[in-house]
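This report refers to the structure that appears directly beneath it.
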Amino acid sequence: MTQTMIVSFRRGEVLGVFAAVGLLFSLHISPRSVPPQAKGSDLPFEAKPWVEADQFFRKDHLWLGGDVAYSVDLGRGRVLWLFGDSFIASKPNEKRSQAKMVHNSIGIENGYNPEQSSVKFYWSVVNNQPTEFLSDGGEGWLWPEDGVRLGDKLLLFFVRVRPDSGKDSLGFQLFGWAAFLVENPDAEPSAWRVHRVDALDNPWHVIVGTAVWRADSFLYVFGSAEPSHDGYLMRWPISAAASGNLFSPEWWCGPASGWVRQDKIAHAPAAAIPGGSSEFSVQWDSRRNRFLAIESVGFGPSEIAIRWAEQLEGPWSSPRKIYRPPESDRRDAFVYAAKGHRELHGADLVITYVANSMEDSVLAEDMSIYYPRFVRLNFQSK
């Protein structure tokens, strides 16, 4: 049985000082070699920074940046933005060293072109202190994954995170996933009615929710395994997902076995995207009749890459590098979280990424970084 949670939010007017810069990196990727660039591509393109749109994330003097940056089309010109670690100031002109960090926040965009749209940011406030948009209710916290509008409901996926002081740790450990159903997504977030959904865990430690695609009959959801980042694919009937029933998923188990219900699988399912990423986006390109996936490749300095496949189950191409963010040339480069936003206008494909720093002190003081940045990708005729 699900429990109903009425989530109360306030925008602005928050108190508190972020004094100790500690676990600042909402990093969903771990060190790995950069995959080879795909050859023989028939996707000629032009990728350019969209500098004018970058101001979109700087329209609130209290929201001082965040990472992850998944987006979900809510319909009727509204777009939900989901952010990971976010800095919330108590008054304008504060730096991040003076602000409070919360592990997730959201934004509501009005319009589909970020160069022209307005946006409001939201977080929860407890005892006059900013805190997470959604809480895990225990020792850990939640970082957002992808989400989807299902009729009059909104389904959101999160990865569960807890502190980790191990020798080879980055300061955190991913230990599961959670899903939430919003009953009234057309309302202001301050009035959202949110249920935590009971969901079936899996024995392969796959973090569910990396990327989401809705088809006519099924909701397809990618998941990422640690530490390989192999991408797995599962699905639920749309009617079940919209009612918050995430039990009995079917997993893609390769061409020989096809789709198999979880309780019938005798061994680990097949990876749909071997050696993928733990953050990426998926969309359909109707002009070329293929799916496209956008991801970051590399650790520290990184590049934005694209994959393609004729069906979600694959086979997927190797990642083709399409854009090197200029921040990857910094001495302290930490660039990640690339993904496309299929609902946005302004290019054939609108992409964001996050530029961070490997040095805590730089992140705390350098206000030119940690706001997601835009890239416009346009495909060209051959």
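Which of rounded, prolate, oblate describes segment 63-200, given a ≥ b ≥ c as roots of the alpha-carbon gyration tensor eigenvalues and a/c under 1.5 marking rounded, otherwise prolate only if a/b is larger than b/c? Oblate, since a/c reaches 1.5 and b/c is not below a/b. At most 11 other Cβ atoms within 10 Å and a DSSP loop assignment: could you name the trypsin sites (Lys or Arg not before Pro) in segment 84-142 that fit? Hits after loop and neighbour filter: nothing returned.
Would you mind checking K48/K321; K48/K91; K264/K339; K120/K321; K48/K339 for any pair whose Cα atoms are more than 23 angstrom apart? Cα-Cα > 23 Å for K48/K91; K264/K339; K120/K321; rest within. Normalising by residue count, segment 39-379 has a Cα convex hull of 144 Å³ per residue.
What range in the chain is the longest one free of GluC sites (Glu not before Pro) that are in a loop by DSSP and have at most 13 other Cβ atoms within 10 angstrom? It would help to have the intermediate numbers written out before the result.
Working: sites that count: E13, E139, E310.
Longest stretch, sites excluded: 140-309.
Computed from label points 7 Å out along Cα-Cβ, the spacing between M358 and A215 is 4.2 nm. Amide H contacts of A272 (H built 1.01 Å from N, in plane; Pro and chain starts excluded): G231, Y232, L233 sit under 5 Å, all sequence-distant by 5 or more or on other chains. A Gaussian network model of the chain, with springs between Cα atoms under 10 Å, assigns the largest mean-square fluctuation among P163, P189, P44 to P44.
Highest mobility in the GNM of the chain, judged by mean-square fluctuation with C-alpha springs under 10 Å and restricted to G111, G258, G346, is found for G258.
A straight Cα-to-Cα reach below 12 Å connects K100 with the aspartates and glutamates D85, E132, residues fewer than 8 places away in its own chain not being considered.
For the chain, a Gaussian network of Cα nodes joined below 10 Å ranks R307, R288, R320 by mean-square fluctuation, and the top entry is R288. With each label modelled as a point 7 angstrom along the Cα→C-beta vector, the R324-S118 pair spans 4.1 nm.
Values quoted throughout were computed directly from the atomic coordinates according to the rules given, and no laboratory measurement underlies them. Predicted, not measured: the structure shown is a model, and the values here were computed from it. Neighbour counts are summed over all protein chains in view; Cβ atoms, including those assigned to glycine, are modelled from backbone coordinates with ideal geometry.
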